[in-house]
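The values are calculated or read from the model by the stated rules, or taken from the named source; none is laboratory data. What you are looking at is a predicted structure, and each value in this text was computed from that prediction instead of being measured. Cβ placement follows ideal geometry from the backbone for every residue including glycine, while neighbour counts extend to all protein chains displayed. SASA here: full protein model, heavy atoms, side chains in, ligands and nucleic acids out. Shrake-Rupley method; radii C 1.70, N 1.55, O 1.52, S 1.80 Å.
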Amino acid sequence: MTKTAALICLLLTISNLFAQGYTQTVKGVVSDKNLMNKVAGVLVIINSDSNYSAVTDVNGRFEIKNVEVGRVMVTAKHSLYSDVVIPNLLLTSGKELVVNIQMEEKITQIKGFKVKSKSNKFKAINDMSIVSARSFSVEETQNYAAAINDPARMATSFAGVVGADDGNNSIVIRGNSPSALLWRMEGIDIPAPNHFASFNGSGGGVSILSSQLLGNSDFMTGAFASEYGNALGGVFDLKLRKGNDKKREYTLQAGFLGLDLAVEGPLSKKGGSFLVNYRYSTLGVIQKLGIDIDGLLIFQDLSYNIVLPESKLGTISFFGFGGLSSQIQKAEKDSSKWEFKSDRYNFFYGSNTGAAGMSHMMNLSKKTTWRNVILYSANIISDKGDFYKDNYNQTFTHWKNSIGNSKLAINSTVNHKINKNLYLRSGLIVNKWHYQTKQKELDSNDALHTFLDNEGNTFYLQGFAQIKARVNRKLSLYGGFHSMYLNLNKTYSIEPRFSAKYSLNRKSILSLGYGLHSQLQLPGVYFTQVTNSQGDIEYPNRSIGFNKAHHIVAGYEYVLKNQTRLKVETYYQHLFNIPVSADNKNYSILNSSDGIISQPLVNNGLGKNYGLEITVERSLNKGFYYMMSASIYNSLYRANNKKWYNTAYNGNHTLVLSAGKEIKLKGDKKLFGMNIKTTWYGGFRETPIDIEQSRQYQQTIRQDSKPFSTQLPAYFRTDVRFSYRINHARFNSIWSLDIQNASNRKNIGGTYFDIDKEKQSTWYQTPLIPILSYKIEF
């Protein structure tokens, strides 16, 4: 009898062990949303189960152990703050879940009335941004079809945003040029964090930043808050994730895009953490699948975020990223194989980008915090073309170019709480800027001739102040100004900003925003050099002023059922002081996204972008999410001849549907995901080709009298993504397959004059591309 009882107990124990799911730790920090002070005494509960709860300590920290893996909901409660609910966070067996919670003080405490703040992606993390702004999560960059861990590619799912070219991650926002986009990291401006970047552009082929490093961040498309300057089209305000300060963790990913390794853990016994990510790729696997990629593409990058232990001096962190990328295409050495002129050329293209910064934040008082960020960044782009002569034993350098930008920036910001309904934020940004350009080209004597060699130094200043006033539980007002001064030509701008948010009821919100915005010219504009009739070098564009624009945005948001929201925004952007050709040509800088400007300009141009955007979005609920975004817009410019034309980016309409479904297998141990994205938008514009002139000069020459009069056919593409996640006892693994352009549709990218065939030809966007990867977290 005793043996039987013991056997039964043993079987029950074994059965119970197998019945239990894998568990993991949920921890994080709770802070005040406006001042970023840590909040003690906050009750944090997992899945509304009091058995899984903790109270934050004096440093705002909490830790809850032995939580079963799967989707979890985190709730934070405090008597002086509105409740915060964050649903559908993914807890896996391989890594602890770190949740940073921001809480906002209650305006009034009414007996019997409960205020609860739920996760809302239409709402930015930055509390001063209320129109044309939203947050996005790292999980979205990982799960959205065709996003491939890239914030810019993910943003093409949002209303009013389209990709400028399948081959890179440049984006067009509300008809603005891709160069109108501003990138920020940890509160300071950074160069575009992309591999294979173009000359002075804001995009590139692949993001330098790994999803392992990013935290939840903000994306804005108009009427920016006062702290954002030097941008007309949009802002990526990136936040970095802190590494685990208690436990060493690793992530390893291998796939068609290369190898990706991340390590994080505690910095010392006194606290602090580090997070480092390295990636290397050749894209060779994709090329072997038959995907047409010109040349050999190689890139590698390193990014990091190191947070020192907190002290009386505050919190200090070191962060940065660096990326090296190159494209090499070798010529055929056998002249009998030369079918086209390009077959005899060796091409090299290199793009190196990096930034290193330090952030410091401390409390000056219970009501005031002070943050300082210093960053040095540099971007160097070079290209070279060699060609074989007919004997193919000798090569000549046909051209050799290099462009370098470097900048030292300092941002000092103060947040002050006047009272619980009134907050002030102000700051000063100093930028020291260096620029260098060299361009050489083969002349008629087979000698490499330098036709452009210049460099310059200057600095520009930015200052801002903004105030947030919560008038009552329904109405909040925001106001302030941004200013900018360029020492190169003593140009300055003072820009008022205003916005308001009014809650009609618990489900409906009205918003209104206005701002005057300005943006510096691309470096190549200010340092354009020309040779006059006497042979002297002149710089005709040194005195060019800022691009400027008035932004007006009105919005309406309505909460539907099942975690679904509707958002409607209408906007108008009036652009002025825009550089255009000094003569009566049709050139406007609004149609340029990168490159070097080689002609004199004057600030006589105008532009206007206006449209209507509708978004219906269901956050992940019961394993299903979707987002439908639609936009109707118009984008026009006026040249120096006083005539109006379509801009190059006037596609007129966009429609994007993104959706995904998660299926649980064996409880929460396995998770199968399916994601789809369908994109349809009007084609961009181009200027018709002058065939006779092109034949005569053996290059593509367009009819300047008809700028952007031809609209390319509509763009349509479907992307799908499958993922399979398995939780093991001590690690979790994820298989994923991204199929870009799953239907292999041939979307027209543009036309050019083919000098070999002596006729107009068409080039197409990327075909079907499968991207397979395997990731393990432990």
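Report yes if K677 is at pLDDT 95 or above, assigned to a strand (DSSP E or B) and out of contact with any Lys or Arg (no Cβ under 6 Å at 6 or more places or on another chain), otherwise no. Judged against the criteria, K677 is a match. If the condition is being among the aliphatic types (A, V, I, L, M) and in contact (Cβ under 8 Å) with a residue 40 or more places away in the chain, then segment 452-492 contributes L452, A465, I467, A469, V471, M484, L486, L488. If you go through segment 555-577 and pick out every residue that is without any contact (Cβ under 8 Å) to a residue 60 or more places away in the chain, touching a strand residue (DSSP E or B) at 6+ places or on another chain (Cβ under 7 Å) and of a type outside the set (S, T, N, Q), you end up with 9. Residues that are within 26 Å of the chain's Cα centre (by Cα) and among the hydroxyl-bearing types (S, T, Y) number at least 2 in the following strands (runs of 3 or more DSSP E) confined to segment 443-507: 475-486.
With a requirement of 3 or more residues that are within 21 Å of S593 (Cβ to Cβ), the strands (runs of 3 or more DSSP E) lying completely within segment 121-228 that satisfy it span 161-163, 171-173, 181-185.
Contact map, segment 304-324: first residue of a type in the set (V, I, T), second residue open to solvent by 20 Å² or more (accessible area, probe 1.4 Å), Cβ cut-off under 6 Å, separation 6 or more or different chains; pairs are I306/F274; I306/F318; V307/K242; T315/M361; I316/L308; I316/H360. Among residues of segment 71-99 that are touching a residue at least 60 places away in the same chain (Cβ under 8 Å) and more than 22 Å from Q563 (Cβ to Cβ), those with a Cβ under 6 angstrom from a residue that is buried (at least 19 other Cβ atoms within 10 Å of the Cβ) and of a type in the set (S, T, Y), sequence gap 6+ or separate chain, pair up as S93/Y22. I'd like to check something: does segment 718-737 contain any residue that is in contact (Cβ under 8 Å) with a residue 12 or more places away in the chain, within 30 Å of Q703 (Cα to Cα) and either out of contact with any helix residue (DSSP H, G or I) (no Cβ under 7 Å at 6 or more places or on another chain) or part of a strand (DSSP E or B) (or both)? No, segment 718-737 contains no residue that is in contact (Cβ under 8 Å) with a residue 12 or more places away in the chain, within 30 Å of Q703 (Cα to Cα) and either out of contact with any helix residue (DSSP H, G or I) (no Cβ under 7 Å at 6 or more places or on another chain) or part of a strand (DSSP E or B) (or both). Of the residues D292, D260, the single one that is touching a Pro at 6+ places or on another chain (Cβ under 9 Å) and either in a loop (DSSP other than H, G, I, E, B) or at pLDDT 90 or above (or both) is D292. Against the list (1) crowded, with 17+ Cβ neighbours inside 10 Å; (2) out of contact with any Gly (no Cβ under 7 Å at 6 or more places or on another chain); (3) modelled with pLDDT of 95 or more; (4) not basic (K, R), the condition Y556 fails is (1).
The numbered conditions (1) closer than 16 Å to A164 by Cα; (2) modelled with pLDDT under 90 are all true for K664 except (1).
Residue by residue, here is whether (1) closer than 30 Å to H728 by Cα; (2) without any contact (Cβ under 8 Å) to a residue 12 or more places away in the chain holds:
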{"site": "N609", "(1), (2)": "no, no"}
{"site": "I614", "(1), (2)": "no, no"}
{"site": "Y625", "(1), (2)": "yes, no"}
{"site": "S631", "(1), (2)": "no, no"}
{"site": "L655", "(1), (2)": "no, no"}
{"site": "G660", "(1), (2)": "yes, no"}
{"site": "I663", "(1), (2)": "yes, no"}
{"site": "K666", "(1), (2)": "yes, yes"}
{"site": "K669", "(1), (2)": "yes, no"}
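Could you tell me which numbered condition E63 fails, if it satisfies all but one of (1) modelled with pLDDT of 90 or more; (2) assigned to a loop (DSSP other than H, G, I, E, B)? With (1) modelled with pLDDT of 90 or more; (2) assigned to a loop (DSSP other than H, G, I, E, B) applied to E63, the lone miss is (2). Please tell me if V530 is surrounded by fewer than 19 Cβ atoms within 10 Å (Cβ to Cβ) and in contact with an Asp or Glu (Cβ under 8 Å, 6 or more places away or on another chain). So V530 fits the description; yes. Considering segment 563-580 alone, what residues qualify as being of a type in the set (S, T, N, Q) and either surrounded by fewer than 21 Cβ atoms within 10 Å (Cβ to Cβ) or more than 15 Å from Y637 (Cβ to Cβ) (or both)? Passing the criteria: Q563, T564, T570, N577.
Only one entry in L240, L182 is in contact (Cβ under 8 Å) with a residue 12 or more places away in the chain, aliphatic (A, V, I, L, M), over 24 Å from I380 (Cα atoms) and surrounded by fewer than 24 Cβ atoms within 10 Å (Cβ to Cβ), namely L240. Scanning segment 719-752 for residues being of a type in the set (S, T, Y), more than 18 Å from E662 (Cα to Cα) and buried (at least 19 other Cβ atoms within 10 Å of the Cβ) gives a total of 0. It is to be established whether one or more residues within segment 722-730 are in contact with a Phe, Trp or Tyr (Cβ under 6 Å, 6 or more places away or on another chain) and closer than 30 Å to A159 by Cβ. No; the residues of segment 722-730 include none that is in contact with a Phe, Trp or Tyr (Cβ under 6 Å, 6 or more places away or on another chain) and closer than 30 Å to A159 by Cβ.
Selection of first residues in segment 501-525 that are in contact (Cβ under 8 Å) with a residue 24 or more places away in the chain and closer than 30 Å to Y435 by Cα and of second residues that are of a type in the set (D, E) and part of a loop (DSSP other than H, G, I, E, B), restricted to Cβ pairs under 8 Å at least 6 apart or on distinct chains, gives the following pairs, ordered by first then second residue: L522/D594. Among the candidates N454, N489, the residue that is out of contact with any Leu (no Cβ under 6 Å at 6 or more places or on another chain), at pLDDT below 90, closer than 30 Å to K440 by Cα and open to solvent by less than 50 Å² (accessible area, probe 1.4 Å) is uniquely N454. Looking only at residues of segment 54-106 that are of a type in the set (S, T, N, Q) and either in contact with a helix residue (DSSP H, G or I) (Cβ under 7 Å, 6 or more places away or on another chain) or open to solvent by 50 Å² or more (accessible area, probe 1.4 Å) (or both), we find that the one that is farthest from F624 (Cα to Cα) is N59.
For segment 297-306, the candidate set comprises residues that are open to solvent by 10 Å² or more (accessible area, probe 1.4 Å) and not hydroxyl-bearing (S, T, Y); within that set, the residue that is farthest from N346 (Cα to Cα) is I306.
Among the residues of segment 529-559, those that are of a type in the set (S, T, N, Q) and either within 23 Å of the chain's Cα centre (by Cα) or farther than 18 Å from S177 by Cβ (or both) comprise Q529, T531, N532, S533, Q534, S543, N547.
Considering segment 560-657, the qualifying strands (runs of 3 or more DSSP E), each wholly inside and each with 2 or more residues that are more than 29 Å from the chain's Cα centre (by Cα), run over 601-621, 644-646. Comparison of R425, R344 shows that the only residue that is of a type in the set (D, E, K, R), at pLDDT below 85 and open to solvent by less than 70 Å² (accessible area, probe 1.4 Å) is R344. Each residue in segment 405-424 was checked for being part of a strand (DSSP E or B) and either more than 24 Å from the chain's Cα centre (by Cα) or under 30 Å from D386 (Cβ atoms) (or both), and 11 pass. Just so you know, in segment 492-516 the residues that are closer than 19 Å to A225 by Cα and among the basic types (K, R) include one that is surrounded by the most Cβ atoms within 10 Å (Cβ to Cβ), and it is R497.
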